[in-house]
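Below you'll find the structure, written out as structure tokens, and then a few comments.
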Amino acid sequence: MPNRRYHIHVVCADNHQLLVLDSISIFFQGRAFLTYDVSSKLPKASLYGRQCIDACDYALMVIGDSYGTAQNTGVSQMHLSYLNAKAKLKPLLILIKKHHTGANISRQLQEFTSMVTSKTDKIYYYETENDIEQLLIQAYYKMVASHQIGAGWVRVDEEAMESNKPSVSETLAANLANNRMTRQENTVAPTQSMDDNVSKPIVLTDTFEIHYKAQAYEGGNLTDVTRPMVLAWQDVLITLIKMPATFSSYGLQSGINRLIATRAEVYIKREMPNVHAVARCQISQDDLNHLQRQLIAANWIQLTTYGTRVTQELWKLTFYAKGLLGEKKTAIENTLIPIPAS
């Protein structure tokens, strides 16, 4: 039996697919420690799920025949846990049940499954609980190899215990315990503000490169162009501050596109002097996804309430991000973003 285990939180619909969940438990016995989402009917279900995701090394989501019990927010605990795992950037393994044609699947489950599959290509499909073991043998070890997050929990060698001699496992276990204690001390309780917990701070004056597409109009002709652009993080923060209190990922994309548009026409006209107009500036989807992950990791944006539609995620600017500009916020908001001279 291996002596190294990780904590895996299982995201699932409450009281559903019990045989599948049992098969998962059997597979991970000796491989990992598991926690599961609990019934949405319990008042502390969301708190428990959030705490488990904060503490876990990996997340495993199982989507079967049920969306789960919807909470007051209109979404189920499975949906909430999925969003929390994404927001926390947890390595996520997704199992989805194959449904035969004509299966009676709820609209909420269809929309949720569609949202999940559109945002990742690392999905494994099963038909019955008998498929789980063979599927996980491939999927689990591939995930661990792709996301090496540390030693995990290490079992103390029995022989070393009998001889009272320190073993490699004991040393690793002691180091891991210290690391775990440090991580717990640095983790803010769910009832407190998460705004001061910055995992990957960003320097406002630093710059980064993105790519965008635009349409250039020249002499009645339309040309599609793709260009790189360098942005400063301060420009991004100003853009975020000018956005509504809560916004969707599409809203974030629109805000960044507007930021790009303030500069793209000048840049493109320098290269193409006969261009008389530039329109439809859009950041590349890959760069947008990367930018959003960086904003989450730096604690600039966080998930907030959820929209009435199952597929809608809403974000807000954190207190930490707002405080970065401090007293300069009002002055900067009223200042046009400068365009570098040629």
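The values are calculated or read from the model by the stated rules, or taken from the named source; none is laboratory data. Source: prediction; values computed, not measured. Using ideal geometry, Cβ is built from the backbone for each residue, glycine included, and neighbour counts are taken over all protein chains shown. When the accessible area is computed, the model is the full protein with side chains, heavy atoms only, and any ligands, DNA or RNA have been set aside. Shrake-Rupley method; radii C 1.70, N 1.55, O 1.52, S 1.80 Å.
For a 31 Å ceiling on Cα separation, which of these pairs sit above it: LYS41/LYS119; LYS122/LYS322; LYS98/LYS142; LYS119/LYS269; LYS97/LYS242?
Values: LYS41/LYS119 29 Å; LYS122/LYS322 35 Å; LYS98/LYS142 22 Å; LYS119/LYS269 35 Å; LYS97/LYS242 42 Å.
Beyond 31 Å: LYS122/LYS322; LYS119/LYS269; LYS97/LYS242.
Looking at segment 1-116, I'd like the Rg to Rh ratio, where Rg is from alpha-carbon atoms and Rh is Kirkwood's inverse mean 1/r.
On the way: Rg = 14.1 Å, Rh = 14.6 Å.
That ratio equals 0.96.
Per-residue accessible area for SER39 at 1.4 Å probe radius, Å² rounded to 10?
My reading of the accessible area for SER39 is about 40 Å².
For ASP224, what accessible area in Å² do you get when you roll a 1.4 Å probe over the heavy atoms of the protein chains, rounding to the nearest 10?
Roll a 1.4 Å probe over it and ASP224 shows about 120 Å².
Would you rank HIS276, HIS7 by solvent-accessible area, highest first, keeping every protein chain in place and using a 1.4 Å probe? Walk me through the numbers on the way to the answer.
Values: HIS276 110, HIS7 30 Å².
In descending accessible area the options line up as HIS276, HIS7.
What number, in percent, do you get for the relative contact order of segment 232-300 if the mean sequence gap of Cα pairs under 8 Å and at least 6 apart is divided by its residue count?
Details: 29 pairs, mean separation 18.6, N = 69.
Averaging sequence separation for qualifying contacts and normalising by length gives 27 percent for segment 232-300.
Of PHE28, PHE33, which has the most accessible area and how do the rest follow, probe 1.4 Å? Walk me through the numbers before you get to the answer.
Working: PHE28 5, PHE33 90 Å².
From most accessible down to least: PHE33, PHE28.
Only sites in a loop by DSSP and with at most 16 other Cβ atoms within 10 Å count here; which GluC sites (Glu not before Pro) in segment 55-130 make the cut? Kindly include the intermediate steps, with their values, before the conclusion.
Details: sites: GLU111, GLU127, GLU129; in loops: GLU127.
Sites meeting the loop and neighbour criteria: GLU127.
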